[in-house]
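The values are calculated or read from the model by the stated rules, or taken from the named source; none is laboratory data. Remember, predicted model here, so these are calculated numbers, not experimental data. Every residue, glycine among them, receives a Cβ derived from its backbone with ideal geometry; neighbour counts consider all protein chains shown. Each accessible area value is taken on the protein alone, full model and side chains, heavy atoms only, with ligands, DNA and RNA left out. Shrake-Rupley method; radii C 1.70, N 1.55, O 1.52, S 1.80 Å.
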Amino acid sequence: LERPTASPVATGRTEAAPSRGGYLYQLDFVRTITFLLVVFIHTLTNTNDEVNGTVTNAIAMNLHFTRNAFFALTGFVLVYQYRDRKLDPIDFWRRRYKAVGLPFLTWSVFYWLYHMYVMWPPAFSNVTRTFETWESTKAALKVLAYDLLTGDAWYHLYFVFVTMQVYLLFPFLLKFLRWTMGYHKYLLAASFVFHLILLHYMTTARPEMFNYGLLAKLWNHLPATIFPYQFFTLLGCVAAMHIEEVRAWFSRFRGRVITIAIGVVIVTLIAYGYKTSMVGMFPTDAANVFRPYAAVMFVMIILALYAAGTYWSDYRTAGSFWDKFLKTASDRSFGIFLVHAFALQELAPTIQRFRFDVYAPILTICTFVVTAFLTVAISEVLRRTPVSLWTTGRKMIPMAKQSRNVSIGIGVAMIVIGALFYWPLDVPAGAVSVTLGAVLLLWQALGRTVFAGPAGARPAVVTS
């Protein structure tokens, strides 16, 4: 969310100023915690037995609220920004798809290439084989086209693919919400009922009509469509439409919300235990994110996380370390999300080497710390270079605003730490850290001495 700006009269803009109510600091908290937990859950499932691990799947089941939290947050932010503004659909789509569509395209192509030619161990010889015949080239391009049309280039890109669907529908959804003002609670109830029915069929047997033709293809890709997430998106939208009431309600009941959420989590874990022990389900099946009995838990965890965020918003110290940290983390969150799967995959050979020789919780924690470092470091490099918009959805931090000392510090740290991991510890991912650290240092030298910078004028020297 952006801070409120000057009036449209003063700026000459045709749209009204951003929605009243100001900056919602609790969203920095919610976004940061959610993205960190996404990195953790993928670390957890990569360092433990995801198929048969009962405890691993129990933890993962709880943390899968993150995907729904993303869509609730997306709906909330969009409505909060536009509920008091005139929305031009063409301008909205242009700006949103520039910020999300470009990174989706970039990372889909990157992961497509990475999967075929680079993923450890590297198979660079396949590059020439791809272009030996038209048939081999066409087959490779068909894979890319499929990835772009389904969001299936890597396991986490479905989120970006669904987000683009939300953006496509949002102008119409906003009109519908304005038209149905006064009936939103009934809309939410109907949406939740549909959600539960859909989840029931997704985890049991599909309706007969979805066994043939295009409907069968749609059903096979339902997790990459808006349908399983429509309730959470609508929940965020409705909450933002009634932000004053929501703010007052959470100020009174947030403690109870957190307490009830803990109780619901316990009950859901009991249901999960019953499914795995008494019914005999595989842990992965019982912990399926689309199990209807987990839906209420996801709602309550999201509400509890928002409630915790309101505590932060009410008692934060402006300008403090944690205030700056959450703002920066929130800004970097999308880039971190896009990068973290690559970082984890680069660590895969090392994980496999230690997976059965090191106590699993220790391996998980160590891998999470290393993944977080590598992911944040890569994200920082991207934000400080011209590829920022294409890889993180945000424009490059202007050279004049980049701290030279911080940028050089990041680059040096990546080179030193990466070198230590690559040579003495024999961790292949260290080479990535060294390479990108060197790229950042090179760009800092070129960007400040050769290029004029994004503003068109040579930036002033920034030393701290």
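Listed values, structure above:
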read-out	value
Which numbered condition residue 174 misses (of (1) within 26 Å of residue 45 (Cα to Cα); (2) at pLDDT 95 or above)	(1)
Those residues of segment 346-369 which are crowded, with 21+ Cβ neighbours inside 10 Å and either touching a Phe, Trp or Tyr at 6+ places or on another chain (Cβ under 8 Å) or not in a helix (DSSP H, G or I) (or both), in sequence order	346
Residues that are part of a helix (DSSP H, G or I) and either open to solvent by 20 Å² or more (accessible area, probe 1.4 Å) or more than 19 Å from residue 198 (Cβ to Cβ) (or both), drawn from segment 225-237	227, 230, 234, 235
Residue 247 open to solvent by 40 Å² or more (accessible area, probe 1.4 Å) and under 21 Å from residue 174 (Cα atoms)	yes
Close pairs (8 angstrom Cβ cut-off, 6 or more residues apart or separate chains): more than 26 Å from residue 106 (Cα to Cα) and at pLDDT 90 or above in segment 386-411, in a loop (DSSP other than H, G, I, E, B) and of a type outside the set (Asp, Glu) anywhere	405/463; 405/464
Selection within segment 181-224 - surrounded by 12 or more Cβ atoms within 10 Å (Cβ to Cβ), in a loop (DSSP other than H, G, I, E, B) and polar (S, T, N, Q)	203
Residues located in segment 295-331, provided they are open to solvent by 30 Å² or more (accessible area, probe 1.4 Å), over 25 Å from residue 260 (Cβ atoms) and part of a helix (DSSP H, G or I)	321, 322, 324, 325, 327, 328, 331
First in segment 67-92 and in a helix (DSSP H, G or I), second anywhere and surrounded by 23 or more Cβ atoms within 10 Å (Cβ to Cβ) and polar (S, T, N, Q), Cβ under 8 Å, 6 or more apart	71/233; 72/233; 74/233; 75/233
Evaluation of residue 338 against (1) within 23 Å of residue 158 (Cα to Cα); (2) surrounded by fewer than 21 Cβ atoms within 10 Å (Cβ to Cβ); (3) under 20 Å from the mean Cα position of the chain (by Cα) (one fails), failing number	(2)
Qualifying position, being at pLDDT below 95, assigned to a helix (DSSP H, G or I), open to solvent by 30 Å² or more (accessible area, probe 1.4 Å) and on the phi < 0 side of the Ramachandran plot, among 425, 442	442
Residue within segment 198-214 that is within 16 Å of residue 79 (Cβ to Cβ) and free of Cβ contacts under 8 Å to residues at least 24 places away in the same chain present	no
Criterion violated by residue 142 - all others in (1) surrounded by 13 or more Cβ atoms within 10 Å (Cβ to Cβ); (2) part of a helix (DSSP H, G or I) satisfied	(1)
Members of segment 7-51 that are at pLDDT below 80, farther than 25 Å from residue 316 by Cβ and not in a helix (DSSP H, G or I)	7, 12, 13, 14, 15, 16, 51
Matching residues in segment 251-292 - criterion: being among the aromatic types (Phe, Trp, Tyr) and either open to solvent by less than 30 Å² (accessible area, probe 1.4 Å) or part of a helix (DSSP H, G or I) (or both)	253, 272, 274, 290
Residue match in segment 93-115 (condition: touching a residue at least 24 places away in the same chain (Cβ under 8 Å), basic (Lys, Arg) and in contact with a Pro (Cβ under 9 Å, 6 or more places away or on another chain))	no
Hits in segment 79-94 (condition: open to solvent by less than 20 Å² (accessible area, probe 1.4 Å) and under 13 Å from residue 243 (Cα atoms))	79, 80, 82
Flag for residue 129 being open to solvent by 40 Å² or more (accessible area, probe 1.4 Å) and at pLDDT 95 or above	no
Candidate set: segment 269-295, residues that are β-branched (Val, Ile, Thr) and within 25 Å of the chain's Cα centre (by Cα); chosen: the one farthest from residue 229 (Cα to Cα)	284
Matching residues in segment 66-89 - criterion: being in contact with a Cys (Cβ under 6 Å, 6 or more places away or on another chain) and more than 29 Å from residue 296 (Cβ to Cβ)	none
Residues of segment 52-62 satisfying the condition of being open to solvent by 70 Å² or more (accessible area, probe 1.4 Å) and either outside any helix (DSSP H, G or I) or among the hydroxyl-bearing types (Ser, Thr, Tyr) (or both)	52
Residue within segment 66-78 that is within 20 Å of residue 362 (Cβ to Cβ) and buried (at least 21 other Cβ atoms within 10 Å of the Cβ) present	no
Where a residue in segment 126-137 is under 16 Å from residue 112 (Cα atoms) and its partner, wherever it lies, is exposed (fewer than 13 other Cβ atoms within 10 Å of the Cβ) and of a type in the set (Phe, Trp, Tyr), with Cβ under 7 Å and at least six apart	137/131
